[in-house]
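To start, the structure itself, in structure tokens.
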Amino acid sequence: MKPGVRRLIEDLRGARVLVIHPRDAESEALIDQLKRIGCNVRGVWPPPSAIPHDIDTVFQIVDSSEDTVFPTSSNDHPLTLVAIVDYENPTILKRLLDSNAHGVVNKPIRSFGILSSLVLARSLRGYTRRLESKVQKLEETLKARRDVDKAVKILVGLKQIGEFEAYELIRQQATQKRLTMAEIAASIINAQETLGELGVLGAPAQARSSSPVKQ
């Protein structure tokens with residue numbers, strides 16, 4: 001068994017699972033199988049208004065009711081969602097897509113296939129989280145670069161220096177204050193905006209233009 005697969009299966013032991021499904025023989029079969037896998041499971045019906053914070057995986061039935069609310073993930077509370085589908089029609093398929101589920105279990109529920117669905121769903125959720133993290137870092141990098149470029153242009157206009165000198169000033173300030181260049185750039189931008197709103201930056205030029213010309 002490959003190390004990655006072994007780790008995925010080992011992670012299931014102690015996984016905190018919530019089964020959102022009417023209490024019947026099928027939900028009990030699902031809960032029993034999840035317990036055999038090693039998960040910490042509890043069932044609930046009707047659907048709760050919020051997912052308990054200690055839950056990391058949700059099995060939820062998908063029906064045609066527009067009132068059904070599917071759990072959403074956040075950085076503070078990442079969730080793996082496995083949809084339980086009773087039958088297939090356009091309405092159910094749309095609800096399934098709206099749920100953003102990471103895996104699907106078809107009814108009638110049988111013990112066979114639950115482990116595979118759970119492993120694949122948690123693997124997909126982990127892959128999605130890694131992609132989201134990379135996208136967030138790229139967005140932060142692009143924003144930082146835009147802020148530095150904007151701060152450079154501000155310094156060029158205020159100090160009448162070249163772009164290289166302005167860039168070096170920002171870099172030196174970041175080194176001295178043990179901050180990132182993006183943080184220094186943001187402070188320059190904020191200061192320039194504040195002074196502009198107060199009319200400080202435009203005051204000298206206006207004063208000179210309004211002063212009387214000596215004869």
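Observations
- If you run the Gaussian network model on the chain, springs between alpha carbon atoms under 10 Å, then out of R16, R110, R171 the most flexible one is R171.
- Positive end of the dipole of the range 1-111 (Cβ unit charges, origin at the Cα centre): among S99, A15, V62, the Cα lying farthest that way belongs to A15.
- A Gaussian network model of the chain, with springs between Cα atoms under 10 Å, assigns the largest mean-square fluctuation among I184, I84, I109 to I184.
- Candidates V41, V17, V156, ranked by Gaussian network fluctuation over the chain, Cα under 10 Å, top entry: V156
- Here the gap between L131 and I161, fully extended at 0.36 nm per residue and compared with their Cα-Cα distance, gives a gain of 6.7 nm.
- Our helix-only sum for the chain, with -39,500 (n - 2.57) per DSSP H run of n ≥ 4 divided by its residues, gives a mean residue ellipticity at 222 nm of -18500 deg cm²/dmol.
- Charged-residue dipole, Cβ positions (Lys, Arg, Asp, Glu), the chain about Cα centre, Debye nearest 20: 860 debye
- Computed lengthening from V69 to N190, 0.36 nm per intervening residue step minus Cα-Cα distance: 39.4 nm
- Rounded percent of accessible protein surface that carbon and sulfur make up, the chain, 1.4 Å probe: 54 percent
- Point-to-point label distance, E197-D24, nm (Cα→Cβ direction, 7 Å offset): 5.9 nm
- For the chain, with +1 on Lys and Arg beta carbons and -1 on Asp and Glu, the positive-most of S73, I109, N89 along the dipole: S73
- Structure-derived Cα extents along the principal axes in Å: which label, when the choices are (i) 101, 42, 28; (ii) 50, 39, 28; (iii) 64, 38, 26: (i)
- Model label sites at L138 and N100, defined 7 Å from Cα along the beta-carbon direction, differ in position by 1.8 nm.
- Simple label model, 7 Å out from Cα along Cβ direction - R178 to L93, nm: 5.9 nm
- Ellipsoid fit via the Cα gyration tensor, the range 65-163: semi-axes of 47, 16, 9 Å, each the root of five times an eigenvalue, largest first.
- Across the chain, the longest run free of exposed loop sites, meaning chymotrypsin sites (Phe, Trp or Tyr not before Pro) lying outside DSSP classes H, G, I, E and B with no more than 12 other Cβ atoms within 10 Å, spans 113-215.
The values are calculated or read from the model by the stated rules, or taken from the named source; none is laboratory data. Because the structure is a prediction, the values reported are computed rather than measured. For neighbour counting, all protein chains shown are included, and Cβ atoms are generated from backbone atoms with ideal geometry for every residue, glycine included. Heads up: the accessible areas ignore ligands, DNA and RNA and are worked out on the full protein's heavy atoms, side chains in. Shrake-Rupley method; radii C 1.70, N 1.55, O 1.52, S 1.80 Å.
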